[in-house]
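Report on the following structure.
The values are calculated or read from the model by the stated rules, or taken from the named source; none is laboratory data. No experiment lies behind these values; they were computed from the predicted model shown. Methodologically, a virtual Cβ is constructed for each residue, glycine included, from the backbone with ideal geometry; neighbour enumeration extends over all protein chains shown. Areas reflect the complete protein model, heavy atoms only, side chains present, ligands, DNA and RNA absent. Shrake-Rupley method; radii C 1.70, N 1.55, O 1.52, S 1.80 Å.
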Amino acid sequence: MSDDTNEVRPDQINGAEAAAGPEWKPVSRASTYELVIDAVEEQIMAGSLGVGDPLPAERDLATKLGVSRASVREALRVLDSLGVVRSSGGSGRGAGTFIAAMPSAALTRFLRLHVALTNFSIDEVTETRIQLERSSAILAATRADKDALAEVNAQLAMMDTPGISLEVFNDADTAFHVAIAQAAGNQLFSDLTGAIRTSLRKSIFSSFSRVDDPQALMSQLQAQHHQILDAIVAGDADEAARVTEEHIRFAASRLPGLSKT
């Protein structure tokens, strides 16, 4: 006859697992830092780890995953550089490695590098901008409040400054488009717009230097900026989207190297 006194009920197992936190499983292949990164990503995607949650100590994580401490250390270094985790030294509750919110700057950095390495063609980036910024303009026309529009106006006023340098104009131009995305009330739109525009900064600046009359082109672009804002302020979403696309295509066609056509 079997002895039932030591049996563990399923509800006891589930309760124990929940109390223990994320379930870490040994990786099935070679002990490399990429596999450790994959394991951390799996826990994040499963919802077992979120912003602010601690990772196990280096030694414990190595044991749970069946890898060397060196692999864990390298993986954490990479994740820290990506902005996925943050580490605090010392002892106490604030010490250790924690899941962090990935900053917008990290997204900008990686996209800029991809564009520089031609992993994305300029035409692909331009088409992405058109779809993204059309949507931002539509949402801004329907959602933007006075405070959000004030930032858009501030960048527009900067570009209206007589004798403004090309560099300052270029930066204000970027900030203008990002401000519209922020006015749309969608943080992801804002981050993506900022990343794409920043990745194009040097290309745009270099292209301007090859234009016969940069000041004339700046005036044309600024007139289009005013059209975009006027449509947004008027709440005309269709017009805001139309002039935004027209503006992006115009700039790409007039700046050497920003379009195949």
Extension gain M102-M158, at 0.36 nm per residue separation less the Cα-Cα distance, in nm? 17.1 nm
Considering only protein heavy atoms and a 1.4 Å probe, what is the carbon-and-sulfur percentage of the accessible area of the stretch 152-261? 52
Note to self: with every protein chain in place and a 1.4 Å probe, the chain gives an accessible area per residue in Å² of 56
Quickly estimate the mean residue ellipticity at 222 nm for the chain, helices only: each DSSP H run with n ≥ 4 gives -39500 (n - 2.57), and the total goes over all residues, rounded to 500. -21500 deg cm²/dmol
Options (i) 22; (ii) 43; (iii) 48 for percent of Cα pairs over 30 Å apart; the value derived from the coordinates is listed as (iii)
Computed lengthening from S253 to T128, 0.36 nm per intervening residue step minus Cα-Cα distance: 43.4 nm
Computed over all unlike Cα pairs, the Kirkwood hydrodynamic radius of the stretch 105-234 in Å stands at 15.1
Once you've got the GNM for the chain with C-alpha springs shorter than 10 Å, pick whichever of D123, D212, D160 has the biggest mean-square fluctuation. D212
Just to verify a number: what accessible area does I232 come out at with the full protein assembly present, 1.4 Å probe, Å² rounded to tens? 10
Leaving ligands, DNA and RNA out of it, work out the accessible area of L200 with a 1.4 Å probe and give it in Å² to the nearest 10. 10
Whats the longest run of the chain with zero trypsin sites (Lys or Arg not before Pro) that are DSSP loop and have at most 11 other Cβ atoms within 10 Å? 94-209
Under a plain spin-label model, where a point goes 7 Å from the Cα along Cα-to-Cβ, how far apart in nm are R210 and N119? 2.5
Taking springs between alpha-carbon atoms closer than 10 angstrom, which of D38, D171, D236 fluctuates most in the Gaussian network model of the chain? D38
Just the accessible area for T126, please: 1.4 Å probe, Å², rounded to the nearest 10? 20
How large is ³J(HN,Hα) for each residue in the stretch 133-138, as worked out from phi by the Karplus curve 6.51 cos²θ - 1.76 cosθ + 1.60 (θ = phi - 60°), to whole Hz, x for Gly and Pro? 7, 4, 5, 4, 5, 4
